[in-house]
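The values are calculated or read from the model by the stated rules, or taken from the named source; none is laboratory data. In this text, all values refer to a predicted model and were calculated from it rather than measured experimentally. Because the Cβ atoms are built from the backbone with ideal geometry, glycine has one as well, and the counts that use them run over all protein chains shown. Accessible surface is based on the protein model in full, side chains and every heavy atom, while ligands, DNA and RNA are left aside. Shrake-Rupley method; radii C 1.70, N 1.55, O 1.52, S 1.80 Å.
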Amino acid sequence: MTTAPRAELDHLVVLATTLADGVAWCEATLGLTPGPGGQHALMGTHNRLFSIASARYPQAYFEIIAIDPAAPPPARTRWFDMDDAALRERVQQQGPQLAHFVARVPDASAAVTALRAQGIERGAVLQAERATPQGLLQWQITVREDGQRLFDGGLPTLIQWGTVHPGDAMPASGITLEQLTVQHPQAEALAAAYRAIGLGQVAVSAGPARLQALLNTPRGSVQLSS
């Protein structure tokens, strides 16, 4: 029996030209040095992470991700539009920025099928893993062959975790996610896609393409926009 899609916000994705840039931005913007992350051999990227879990978004965390200069170029296009020349130039010129979010689902294949019924190809479900001090972290994730985020980052990448969720090992950071909202010119189609995967935690409205995350931080309320 296939599990019905029921998506929850898993993590926010901030793109940086280098992890050092991302760490410096995080310290200056949020008042926090991000925790350790790891390397993604499949994509040639690496990250830094910290918890932003709240009552509304349990287990949510924050990912700062960059291309790993020590890794060989991957055999495929990287996730999150990280190989898109215009996006890379914008991040290089403007600094690290919120670009996307990932939603966890109990059955990634079922969620992909639900989106396909809406005329949306979210991408193949890939197996991925990385080593952590707590053991091997394994997950399934949707990545299109062209690496596109879709809806300017407003349609989440889908992830299905294995037996371990990375948020379980993250200490409280003092930062919590209070709200994530998305604007897009195709708001009706995006809202229909959210309903198809059972994502009810993110509000969608019509307007110029933009993600907005409201965080409570040691420096007070901070709003990040794409």
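Before moving on, here are some points about what is shown:
- P(r) tail for region 37-107: Cα pairs beyond 15 Å make up 63% of the total.
- For region 1-73, the solvent-accessible area works out to 42 Å² per residue, with a probe of 1.4 Å and every protein chain left in place.
- Helical contribution to [θ] at 222 nm, DSSP H n ≥ 4, -39,500 (n - 2.57), averaged over the chain, rounded to 500: -5500 deg cm²/dmol
- Between residue 216 and residue 75, the FRET efficiency estimated from the beta carbon spacing at R0 = 45 angstrom works out to 0.65.
- For region 1-66, the Kirkwood radius over C-alpha pairs fed into Stokes-Einstein at 4 °C and 1.567 mPa s yields D = 99 µm² per second.
- Backbone N within region 56-71 under 11 Å of label point (7 Å from residue 18 Cα along the Cβ vector): 69
- Dipole check for region 79-174: with +1 at the C-beta of Lys and Arg, -1 at the C-beta of Asp and Glu, and the Cα centre as origin, the magnitude is about 160 Debye.
- With every protein chain in place, region 102-187: carbon and sulfur % of accessible area (1.4 Å): 47
- Per-peptide packing, taken as the mean over residues of other Cβ atoms within 10 Å, places 48-56, 208-216 in the sequence 48-56, 208-216 from highest down.
- Computed from the C-alpha gyration tensor, the three semi-axes of the ellipsoid equivalent to the chain are 24, 20, 19 Å, from longest to shortest.
- For residue 178, the residues whose amide H sits under 5 Å from its own are 214, 215, 216, ignoring neighbours fewer than 5 places away on the same chain, with H placed 1.01 Å from N.
- Highest-MSF residue in the chain out of 196, 75, 111 [GNM, Cα springs under 10 Å]: 75
- Only Lys, Arg, Asp and Glu carry charge here, each on its Cβ (+1 for the first two, -1 for the last two); on that basis the chain has a dipole of about 240 debye about its Cα centre.
- Between residue 201 and residue 134, full extension at 0.36 nm per residue minus the direct alpha carbon distance yields a gain of 21.2 nm.
- Each DSSP beta bridge with both residues in region 63-184 is either parallel or antiparallel, and the antiparallel ones are about 80%.
- Divide the volume of the convex hull around the Cα atoms of region 34-164 by the residue count and you get 130 Å³ per residue.
- Across all Cα pairs in region 125-199, the calculated P(r) in 10 Å bins from zero up to the longest distance comes to 14, 34, 37, 14, 1 percent per bin.
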